[in-house]
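Asker: Got a structure here, written out as structure tokens. Questions coming.
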Amino acid sequence: MASLVTSKLPEVESYLSEGTVPGVVGGEDWGGSGDTVFQSCDPGSGDVLAEVHAYTADDVNRSVEKANESFKKSGWATLAPNDRAVRLHRFADLMEQKKQVVSQIEAIDAGKLPAQALGDVENFVESVRFFADMAEHVQRRNQLAVAGHEAWTLRSPWGTCGFIFPWNFPVLLMGWGIAPALAAGNTVVVKPAEDTPLSSIYIARLARESGMPDGVVNVVPGLGSEAGAALSANPGIRRMSFTGSPEVGRLVGESCGRNLVPVKLELGGKGAAVVFEDVDVEETAKKLVGAITFHAGQVCCDATRWLIHKSIYDDFIDACRQEMQRVKVGYQLDGGTTMGPVVNSKQRDRVLRYLEKGVAQGADIVVPGGPAEVVGHKGFYVKPCLLSGSLDNVAAREEIFGPVAYMTTFEQESEAISLANDTDYGLANSVWTTDLGRAARVAESMIAGNSWINSHNVFAKGVPYGGIHKSGMGGGVNSIETLFDYWRSQSIVRPL
Ligand code: NAD
């Protein structure tokens with residue numbers, strides 16, 4: 001594990017003092033054609049970190065043209081898989097060398113604790129290496145045994161793939177998204193969230209520095225309603241991947257549908273944790289409080305509905321109260337902080353509004369949340385919060401995206417399963433018990449993309465991760481299927 005750096009690194013200082021930050025298109029730093037800029041802030045201090053060029057729709061369309069040109073002419077798409085893997089490994093190695101820099105940019109731009117930001121960069125590196133190696137070994141030509149014919153299928157890259165990302169995990173999600181697309185031989189155009197564009201732009205510069213051909217990795221900064229909408233409506237992209245809210249996901253899906261562009265949507269969640277009576281109460285409370293306070297609860301797959309067996313409910317509540325008292329809300333770079341800020345004032349107000357509405361609809365307050373003051377920092381802080389009561393409550397049904405969990409009790413296994421499944425979302429749930437037979441049964445009965453046993457937020461390269469229903473569609477990330485998503489399949493036949 002690398003040591004953590006908490007004072008600003010010279011490379012970070014220099015990046016932030018360059019002036020208005022441009023995107024990266026066709027291998028060049030490009031400020032776009034207009035003079036509109038937006039500000040990216042440090043959520044922990046509220047200070048402006050940098051001004052960034054806001055691309056117009058025309059700028060985005062031009063960027064897609066550049067990526068298409070690179071797909072056709074740079075040789076990236078036609079490189080032998082082992083040669084492409086070499087280039088991707090160079091990119092991953094450079095990212096690894098620069099991980100302190102990238103993770104610090106991420107920590108201050110997204111309000112992450114340094115250790116968490118570093119973990120995200122390491123995850124990016126792993127994603128690139130994982131898919132680079134996999135693409136080298138997967139057979140792209142498959143001979144078919146069909147009487148009277150010589151026939152085979154061939155997998156080829158699609159062309160330019162568009163990506164739109166949210167602000168909660170800019171580096172990690174960019175790795176999950178673009179690594180398989182690049183390994184398959186596509187070019188990419190990435191639209192980062194306007195709250196957190198700085199790490200993605202820096203990563204595109206590193207891709208260039210590592211020797212990736214111009215136009216293979218493009219980053220188009222801008223506002224969602226302009227740059228994001230233009231990217232999703234561009235008929236020149238061959239595949240689209242969107243990670244973000246269901247509301248915007250629908251818009252992106254509609255635009256892609258009009259152009260018949262395949263789209264992958266990774267959306268929000270309202271996951272359940274089902275806790276049976278045979279668990280170690282303190283240990284389980286510690287892990288669930290750890291999950292809901294990780295990155296201030298701004299995690300799509302979090303367990304936000306905790307279904308606790310009635311016989312341990314009181315003990316569980318006591319253990320959770322104690323754990324929550326240990327949470328130290330503070331500036332993300334300050335040592336001792338265990339939970340940093342939420343991303344902006346809008347998000348803080350959203351969390352606080354949900355608490356008010358939940359209580360107004362009858363929720364009991366187990367651990368009071370509310371705004372948190374951090375001495376010396378004007379950023380956007382909230383306290384962790386636990387509510388309880390009937391799940392027929394807005395705070396138990398809608399995604400809050402903050403450090404807020406909602407608890408209720410159950411007595412029967414079947415009751416727990418039906419409570420867990422009573423949601424429009426379908427991203428990730430967990431079951432907690434020492435009875436592994438019961439664990440597997442409940443895990444298989446929960447209707448979502450992912451079921452975790454005795455843990456929450458479990459990710460391993462090779463295990464598919466994705467959502468269903470209001471949590472997403474079109475395939476997930478992190479597995480061999482993800483790589484196949486970035487190849488089009490073609491049949492080739494000769495009658496004998
Ligand atoms: P958001 O939907 O508001 O924004 C996501 C991205 O879409 C941003 O880059 C934004 O600029 C862009 N955008 C906004 N309007 C657009 C438009 N009209 N057309 C195209 N793009 C547009 O989401 P957010 O607030 O940034 O992120 C939080 C949401 O993301 C939560 O719902 C969370 O659950 C979800 N999320 C899901 C996953 C997953 O893997 N399923 C991972 C992380 C976050």
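Asker: Counting pairs of alpha carbon atoms under 8 Å apart in space and at least six apart in sequence, what relative contact order in percent does the stretch 249-355 give?
Answerer: Across the stretch 249-355, relative contact order equals 24 percent.
Asker: Based only on other Cβ atoms within 10 Å, what is the fewest-to-most ordering of Y331, Y425?
Answerer: Fewest-to-most ranking of Y331, Y425: Y331, Y425.
Asker: Magnitude of the Cβ-charge dipole of the stretch 96-212, K/R +1 and D/E -1, about the Cα centre, nearest 20 debye?
Answerer: Value, rounded to 20: 280 debye.
Asker: Okay, next question. Between the stretch 345-417 and the stretch 460-489, what is the C-alpha centre distance in whole Å?
Answerer: Here the answer is 30 Å between Cα centres.
Asker: Still on this structure, I have one more. Starting from the eigenvalues of the Cα gyration tensor, five times each then square-rooted, give me the equivalent ellipsoid semi-axes of the stretch 69-211, largest first, whole Å.
Answerer: Semi-axes from the Cα gyration tensor: 32, 14, 14 Å.
Asker: Dipole of the chain (Lys/Arg Cβ +1, Asp/Glu Cβ -1, origin at the Cα centre): which of Y381, A179, G249 lies farthest to the positive side?
Answerer: Value computed over the given set: A179.
Asker: Looking at the calculated P(r) for the stretch 156-209, what percent of the C-alpha pair distances fall above 13 Å?
Answerer: The answer is 57 percent, as a whole percent.
Asker: If I take every Cα pair under 8 Å that is 6 or more residues apart in the stretch 102-175, average their sequence separation and divide by the length, what percent do I get for the relative contact order?
Answerer: 35 percent
Asker: With a ≥ b ≥ c the root eigenvalues of the C-alpha gyration tensor of the chain, is it rounded (a/c under 1.5), prolate (a/b larger than b/c) or oblate?
Answerer: Verdict is oblate for the chain.
Asker: Let me ask something else. Assigning unit charges at the beta carbon (Lys, Arg +1; Asp, Glu -1) and nothing else, what dipole magnitude in debye, to the nearest 20, does the stretch 392-436 show about its Cα centre?
Answerer: 180 debye
Asker: So, one more: Report, in debye and to the nearest 20, how large the dipole of the chain comes out about its Cα centre when Lys and Arg carry +1 and Asp and Glu carry -1 on their Cβ.
Answerer: 1360 debye
Asker: Here's a follow-up. For K461, give me every one of the lysines with a C-alpha distance below 26 angstrom, ignoring sequence neighbours fewer than eight places off in its own chain.
Answerer: K98, K99, K112, K191, K264, K270, K286, K287, K470
Asker: Follow-up. Can you give me the relative contact order of the chain as a percent, contacts being Cα pairs under 8 Å and 6 or more apart?
Answerer: Relative contact order of the chain: 18 percent.
Asker: Name the residue from V458, N142, W158 whose Cα lies farthest towards the positive end of the charge dipole of the chain, charges +1 on Cβ of Lys and Arg and -1 on Cβ of Asp and Glu.
Answerer: Looking along the dipole axis, the top candidate is N142.
Asker: Amide H to amide H, which residues 5 or more places from K264 or on other chains are under 5 Å from it, using H placed in the peptide plane?
Answerer: M240, S241, F242
Asker: Counting each DSSP H run of 4 or more residues in the chain as -39500 (n - 2.57), what helix-only mean residue ellipticity at 222 nm follows after dividing by all residues, to the nearest 500 deg cm²/dmol?
Answerer: About -12000 deg cm²/dmol.
Asker: Sticking with this one: Within the chain, which DSSP H helices have Cα atoms that stretch 27 Å or more along the helix axis and a mean Kyte-Doolittle hydropathy of at least -1.0?
Answerer: Span-like helices here: 114-137.
Asker: If you count, for each residue, the other Cβ atoms within 10 Å and average over each peptide, how do 470-479, 333-342 line up from highest to lowest?
Answerer: So the peptides 470-479, 333-342, ranked by packing, come out 470-479, 333-342.
Asker: Could you list the residues of the stretch 143-163 with an amide nitrogen less than 20 Å from a label point located 7 Å from the Cα of L496 in the Cα-to-C-beta direction?
Answerer: 143-154
Asker: So how do H149, H377 line up by other beta-carbon neighbours within 10 Å, fewest first?
Answerer: H149, H377
Asker: Quick one: order I201, I468, I292 by neighbouring beta-carbon count within 10 Å, fewest to most.
Answerer: Listed from fewest to most nearby Cβ atoms, that is I468, I201, I292.
Asker: Run a plain Debye calculation on the stretch 337-496 (Cα atoms as equal point scatterers, no solvent) and give log10 I(q)/I(0) at q = 0.10 Å⁻¹, rounded to two decimals, same order as the q list.
Answerer: For the stretch 337-496 at q = 0.10 Å⁻¹, log10 I(q)/I(0) is -0.52.
Every read-out reported here was derived from the displayed coordinates using simple, explicitly stated rules and does not represent laboratory data. Not measured: the values here are computed from a predicted model. Cβ: placed from backbone, ideal geometry, glycine included. Neighbour counts: every protein chain shown.
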